[in-house]
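K.L.:
This is the structure I have questions about; it appears just below.
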Amino acid sequence: PKFAPIRTRAEVLSVHVPKPADLRASLLDKSVPKAHKNVPEVVVAVTAENAPAGREVVWQYRLNDGAWRTFRRGPQLVIRDEAFIFQGYHRIEVRGKVLLHDESLEIQPQAMTVLIDSTAPRYKAKVEGDRLYFGGFDYVTARTDLEYSYQLKPDQFSEWSPRVRWWHTPESGQ
């Protein structure tokens with residue numbers, strides 16, 4: 001029998017990024033096989049909207065418009081790839097087909113973007129008179145997209161905001 005192209009639904013379930021020191025140590029340790037390196041990992045849930053009854057669907061993925069990887073069984077794809085050692089946004093595309101039926105290969109892969117960011121932003125705050133100034137830097141997030149919050153009281157924090165300057169007034173509490 002011939003089957004129609006599969007239509008995949010894919011969703012990122014989790015992203016795990018090791019601490020920078022752990023990642024570096026794992027990559028430098030020549031005794032650790034490549035398949036066991038402590039690299040970032042993304043877990044993607046996959047399902048086929050139109051899977052034929054009683055037929056197994058398999059999936060493949062590619063990263064950042066690269067080569068398609070070998071087909072795998074679902075319902076989860078665990079993607080551990082050295083491409084993720086580079087911080088930033090990575091594009092993942094997933095497509096499916098009925099096992100052993102190439103004519104059912106998905107025409108329009110499902111695409112999603114994940115952020116791999118192993119290093120926290122660096123920040124510096126200073127107070128001048130009644131003004132609080134924030135300055136920050138991140139390797140992945142643009143300075144204009146960073147947000148800040150500060151502690152008002154022991155159990156109370158300001159709202160997150162892209163503002164880098166606040167004035168404190170007794171009436172506002174901020």
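The values are calculated or read from the model by the stated rules, or taken from the named source; none is laboratory data. Because the structure is predicted, anything quoted here is derived from the model rather than measured. Please note: Cβ atoms are built from the backbone with ideal geometry, for glycine as well, and neighbour counts cover all protein chains shown. Quick note on the areas: whole protein, heavy atoms, side chains included, nothing else; ligands and nucleic acids left out. Shrake-Rupley method; radii C 1.70, N 1.55, O 1.52, S 1.80 Å.
K.L.:
Size of the dipole of the chain about the Cα centre, Lys and Arg at +1 and Asp and Glu at -1 on the beta carbon, nothing else charged, in debye to 20?
P.N.:
In total the dipole reaches around 460 debye.
K.L.:
Give a residue-ordered list of calculated ³J(HN,Hα) values for the stretch 151-161 (Karplus: 6.51 cos²θ - 1.76 cosθ + 1.60, θ = phi - 60°; whole Hz; x for Gly, Pro).
P.N.:
For the stretch 151-161, the Karplus-derived couplings read 7, 8, 9, x, 10, 9, 10, 5, 5, 5, 8 Hz, x marking Gly and Pro.
K.L.:
Calculate what fraction, in whole %, of the accessible area of the chain sits on carbon and sulfur atoms when a 1.4 Å probe is rolled over the protein chains.
P.N.:
Heavy-atom surface of the chain belonging to carbon and sulfur, 1.4 Å probe: 53 percent.
K.L.:
Heavy atoms only, probe 1.4 angstrom, no DNA, RNA or ligands counted: give me Trp68, Trp59 ranked by accessible area, highest first.
P.N.:
Trp68, Trp59
K.L.:
Which three semi-axes in whole Å describe the equivalent ellipsoid of the stretch 1-127, each the square root of 5 times a Cα gyration tensor eigenvalue, listed largest first?
P.N.:
For the stretch 1-127, the semi-axes come out at 34, 17, 11 Å.
K.L.:
With every protein chain present, what is the per residue accessible area of the chain (1.4 Å probe, Å²)?
P.N.:
66 Å²
K.L.:
Using only DSSP helix segments of four residues or longer, with each worth -39500 (n - 2.57), what per-residue ellipticity at 222 nm results for the chain after dividing by its residue count and rounding to 500?
P.N.:
-1500 deg cm²/dmol
K.L.:
Which order do the peptides 7-13, 134-140 take when ranked by the mean count of other beta-carbon atoms within 10 Å per residue, highest first?
P.N.:
Packing order, densest peptide first, comes out as 7-13, 134-140.
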